[in-house]
1. Dipole of the chain (Lys/Arg Cβ +1, Asp/Glu Cβ -1, origin at the Cα centre): which of Ala284, Ala52, Thr224 lies farthest to the positive side?
2. For the cross-link pairs Lys433/Lys478; Lys260/Lys416; Lys153/Lys200; Lys433/Lys480; Lys25/Lys252, which exceed 24 Å when the distance is taken from alpha carbon to alpha carbon?
3. With everything on Cα atoms, drop me the angle between helix 98-107 and the longest principal axis of the chain, reported from 0 to 90° to the nearest 10.
4. Along the charge dipole of the chain, which of Pro79, Leu401, Cys449 sits closest to the positive end, that is, farthest toward it, with unit charges on the beta carbon of Lys, Arg, Asp and Glu (+1, +1, -1, -1)?
5. How about region 242-298: which GluC sites (Glu not before Pro) there lie in a loop by DSSP and see at most 15 other Cβ atoms within 10 Å?
6. List the aspartates and glutamates whose Cα sits under 20 Å from the Cα of Lys239, skipping any in the same chain fewer than 8 residues away.
7. Order these by the 10 Å Cβ neighbour count, fewest first: Ile373, Ile220, Ile350.
8. How large is the helix-only mean residue ellipticity at 222 nm for the chain, computed as the sum of -39500 (n - 2.57) over DSSP H runs with n ≥ 4, divided by its residue count, in deg cm²/dmol to the nearest 500?
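Laboratory data are not the source of any read-out in this text; all were calculated from the coordinates shown. Predicted, not measured: the structure shown is a model, and the values here were computed from it. In this analysis, Cβ positions are derived from the backbone assuming ideal geometry, glycine residues included, and neighbour counts consider all displayed protein chains.
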Amino acid sequence: MKTSVLTTHWQKLPEKVVRRLQAEKLRHYLRTTVLPFSVHYRELFRENNLTAESFRTLEDLQRLPFTSKADLLNTPENPRKIREFILVPNQGELARRPSTILQALLHGRASVTRHFEYEFRPVFMTCTTGRSSESIAFTYSNYDLANLASAGKRIFEICEAEPDFRLLNTFPYAPHLAFWLAHYGGMQFTNFVLSSGGGKVLGTEGQLRFIRQLQPHVLIGMPTFLYHVLQQAVDEGIKCPNLCRIVLGGEKVAPGTRRKLARLAGKLGAGSINIVATYGFTEAKMAWTECPCPRGEEAGYHLYPDLGIVEVVDPDTGATMPQGEPGEIVFTPLDSRGSVVLRYRTGDLIEGGLVHEACPHCGRVVPRLVGNISRVSEIKTMRFDKIKGTLVDFNILEHVLDDVQYLASWQLELRKRNDDPHDLDELILHVHKSNSLDDAKCARELRRCFTDKTEIQPNRIVFHDGEEMSQLLGVGAKLKEEKIVDHRPSERDRLPVNGYSKNITALPDAVEVNE
């Protein structure tokens, strides 16, 4: 098993020792970096009578109020609020650091200045996607970029990549975490990485051309887009026998999606293929990955305890959940510069909670997040939505539809009958089949799936070809494909609803089945 220098000892330590070391590192980080230089947290700690020394154990973190996305949003009263979360050092505080005094004595003042610039000056930025609120920018110093590369390298290591692997990074070229993590991580791991920029930059044909020319060992990208690319590659008779890893990010990955991708990879001539999912978010400035597992099993996301603390809390009370219990993911960095948030509520609910025992597949003893991840905000609002007077869990429907083997892709569309905001809700299921199953039979099977899991049925099932479905989903045109859209008009013209945007593009001609 390959390990990096930074994480070797952390991967071998028992949980009790790891938690003690994390608490020590947190105190040092707060004392020397966050509290002296963060406007927001300096004031928050003062209001709550806290200091760095208040955190003797990880249990003491519960004394610190949460930070949420709402805290980061600019307001009319404070239009530059996000800047309060950027670490801005002052010369007086920096000069009192023991490390600063030692460096000045050994290397001179010019060296100290260069080091401060490296550690704190913002030189880079990524942004949230802005699907549920306005986009929020997070800044990085060169120090952060080194951590980004290290975190990316760890993904490569846990995925059991080899230095001679060739990688095709199909994440969209944009100021978003996924693209740059793959880019910097690949360089740190010394792989050959070709970043195509996704569909917006070169389109599907550009991805196919690179697959032909590069013959990659690893494909990296979003599940929906990679499925589209691989299906096109199969249709055109392209072969890619080197392919042995598909690394997914940016969307949830259902077991059915893994099976479909593995089947397509087999048609390209790939032998043993591992499909692994990653989980990350802009505010963490890193992502975590599963290790390769046999027979499509899932080992959970392997965390980096030296770079951050992950908690799982009750989404209603905020209380810390026991190991293995579901709850909301909360993140605190231990070595970040630039934009910094502490005890950040991600809005993500982890089904199997946080566990600390050794991974049954790779043997690492780092903490892991286990099970399906869904949005807490979606579960409370959009995800449990009143459709035709019935409460519907769209999380369940997503997994049901992803697991249907004869569906290549799908989209759920919410409408009002006759586009009248006061009329009844309508649910329209748009699908593209992956085989020659008769439309009527396919529709009956899909309705049966709905009946088994929900109390509703789609008003219509609309069948599309691959090109039409790609247009509906926004494959290659949008940063994230839209699998659930809400077209219901309202007095506010249906502004983006809880993470799903209003898509006003006219529907292409298609075959409808009404039963």
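1. Final value for the positive-end residue is Ala52.
2. Values: Lys433/Lys478 22 Å; Lys260/Lys416 33 Å; Lys153/Lys200 26 Å; Lys433/Lys480 21 Å; Lys25/Lys252 32 Å.
Cα-Cα > 24 Å for Lys260/Lys416; Lys153/Lys200; Lys25/Lys252; rest within.
3. Approximately 80 degrees, to the nearest 10.
4. The residue sitting farthest along the positive end of the dipole is Pro79.
5. In loop regions of region 242-298 (DSSP not H, G, I, E or B), the sparsely surrounded GluC sites (Glu not before Pro) are Glu297.
6. Asp164, Glu205
7. Details: Ile373 18, Ile220 29, Ile350 24.
Fewest-to-most ranking of Ile373, Ile220, Ile350: Ile373, Ile350, Ile220.
8. Details: 15 runs with 164 residues, N = 515.
Computed ellipticity for the chain at 222 nm equals -9500 deg cm²/dmol.
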